[in-house]
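Down below is the structure, laid out as structure tokens.
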Amino acid sequence: MENETIAITRTFDDIEAATRRVIADIGGMQSVLQGARVALLKPNFVAGRHEYAGATTHFAIIKAVAAEVRACGVEPVLCEIPGTEFDLEATYQMLNLEQFCQDNHISILRLDPEGNTEDWIDIQVPGARILRHFRIPRLLSHQDTRLINLPVLKTHMVSIMSLGMKNLMGILPRPERRTMHTFGIDQGIVDMNLGLKPALTIVDGCVGQDGDGPLYGDRAQLQVVVAGRNSLAVDLVCCQLVGVKPRAVPHLKLALAQMGKPDWQIVGTNLNVLRPFRLPQSKGLYRFIFRLMFLLDYPYSKIAERGKHLCTTIYSSGLVGTRPQINREQCTGCGICVEACPLPDVIDLQTLKINYQTCQRCLLCYEYCPEQAISVKGFSGAQA
Ligand code: SF4
Ligand code: SF4
């Protein structure tokens, strides 16, 4: 097997500069995009939480990658479908994604998350065990399109770590993701990576999360960026950086057994463990509930309105899941939470109620409340 080059650098000076450095260290963007017309950028926007929480890909990385892509005469196109329990348009709005993309000359590929349009194409995956065929954006099937994967270095309550291999789930339609959650997400991730090969993966460890990620874990402040062409090798190096044994991450253990261990050489900053990660604690129960919810979604989606899934309905009930709640006794009615909320008409200051149909659980209201009058309910790593 070919020796993979993995580039590592710190982001102390500047995140964009660090991103350009790792791209140069793996041989330059031109070498990644040879013969390409389009580069499909796949960030991690699982929900509308901001980059400083270590939950989503830092815009500075996307900006630097897009500039490098354009400098090669290739069009950068961004594509991401948030987690099934989050609304796509609300997530884009919360992140102010349209404005960011407009400012940086990046097109957005908007796809039907349910996979029912001509935008998707079904691919067969030889050697797959669960996900023998699945749909990908049609654009990705074009010979002159390259996939650039931009995940975040963080833990995950279901898959233990969320790195490059796992991040690709965000460009699959929601029914495919349900199949993966129901029939075995770990093998599903390996199968998906047999069919989808990014030309380049750049992992955002500017902040990152450990503990109960991928949304409400602890900010890790890693200040690192890792890049390479082989997703498995990149993920293994990231595990090393945070002291996680790859065999403790079920999909990486399966990948090592089924794909073989890649060899690599480090360029840039060769580092030891930056910060030993605390892995999610309640993963067994969380994984079980998540799996059950996706199993029950099969009959549910036959009777529900198109685009509605069981997890969307359960979360929007306001009875379960991570959610903010205003404590009347402590609230002074200052309105700061309403100003902080990136969505309109979610918090009602008259009744001090939160509309869980529209709340996207970013927890900005909780973070900004000067009176600590907002508590976080539900099973998650968020501080109550
Ligand atoms: S920010 Fe806190 S104190 Fe102010 S209105 Fe909102 S909940 Fe009440
Ligand atoms: S109410 Fe709070 S958690 Fe919900 S979207 Fe607004 S700021 Fe985010």
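None of the figures in this text is laboratory data; all of them are computed from the coordinates on show. Small disclaimer: the values here were computed from a predicted structure and weren't measured. Cβ coordinates were reconstructed from backbone atoms using ideal geometry, including for glycine residues, and neighbour counts include every protein chain displayed.
Quick notes on this one:
- Relative contact order (%) - criterion: Cα under 8 Å, at least six apart; region: the chain: 19
- The helix-based estimate of mean residue ellipticity at 222 nm for the chain, built from -39,500 (n - 2.57) per DSSP H run of four or more residues and divided by its residue count, is -9500 deg cm²/dmol to the nearest 500.
- Loop-located trypsin sites (Lys or Arg not before Pro) in region 215-248 (DSSP state not H, G, I, E or B) with no more than 15 neighbouring Cβ atoms inside 10 Å do not occur.
- In this simple spin-label model, placing a label point 7 Å from the Cα along the Cα-to-Cβ direction at both ALA24 and GLU75 gives a separation of 3.0 nm.
- Footprinting exposure proxy for GLU75, GLU118 (fewest neighbouring C-beta atoms within 10 Å first): GLU118, GLU75
- Net charge contributed by nearby residues that have their C-beta within less than 14 Å of LEU349 (K/R +1, D/E -1): -2
- Ordering GLY54, GLY260, GLN124 by the projection of their Cα atoms onto the charge dipole of the chain, which places +1 on the Cβ of Lys and Arg and -1 on the Cβ of Asp and Glu, puts GLY260 at the extreme positive end.
- Overall dimensions of the chain as given by Cα atoms, namely Rg and Dmax in Å: 20.2, 64
- Placing a pseudo-label 7 Å from each Cα along the Cα-to-Cβ vector at LYS353 and GLN99 gives an inter-label distance of 3.1 nm.
- Semi-axis lengths, largest first, of the ellipsoid equivalent to region 317-384 are 17, 14, 11 Å, with √(5λ) applied to each eigenvalue of the Cα gyration tensor.
- Summed over all non-identical Cα pairs, the Kirkwood treatment of region 51-101 gives a radius of 12.3 Å.
- Cα centroid separation - region 283-361 against region 141-167, whole Å: 26
- For region 5-145, convex hull of alpha carbons as volume per residue, Å³: 147
- Spin-label zone in region 116-154 - amide nitrogen under 19 Å from a point set 7 Å from the Cα of GLU89 along the C-beta vector: 116-117
- Ranking of ARG275, ARG20 by count of other Cβ atoms within 10 Å, fewest first: ARG275, ARG20
- Cβ-derived FRET efficiency at R0 25 Å, GLN34 paired with ILE123, nearest 0.05: 0.65
- The charge dipole of the chain, taken about its Cα centre with unit charges on the Cβ atoms of Lys, Arg (+1), Asp and Glu (-1) only, comes to about 1160 debye.
- Straightening the chain between GLN372 and ASN3 buys 127.6 nm, computed as 0.36 nm per residue apart minus the Cα-Cα spacing.
- Options GLN360, THR322, MET29, ranked by Cα towards positive dipole end of the chain, top entry (Cβ charges): THR322
- When the chain is described by a simple charge dipole with +1 on each Lys and Arg Cβ and -1 on each Asp and Glu Cβ, the residue from CYS369, TYR92, THR179 located farthest towards its positive end is THR179.
- Long pairs among LYS197/LYS261; LYS63/LYS253; LYS42/LYS166; LYS154/LYS245; LYS42/LYS154; LYS42/LYS261, criterion Cα-Cα beyond 22 Å: LYS63/LYS253; LYS42/LYS261
- At full extension, HIS133 and TYR298 could sit 57.6 nm farther apart than now, given 0.36 nm per residue minus the alpha carbon distance.
- Computed over region 196-239, the Cα gyration tensor eigenvalues convert (square root of 5λ each) into semi-axes of 21, 11, 8 Å, ordered from largest to smallest.
- Within-14-Å neighbourhood charge of LYS63 [Cβ basis; K, R +1; D, E -1]: -4
- Debye, to nearest 20: dipole size of region 317-384, +1 on Lys, Arg Cβ, -1 on Asp, Glu Cβ: 260
- Residues TYR298, TYR286, TYR216, sorted so that the one with the fewest Cβ neighbours within 10 Å comes first: TYR298, TYR286, TYR216
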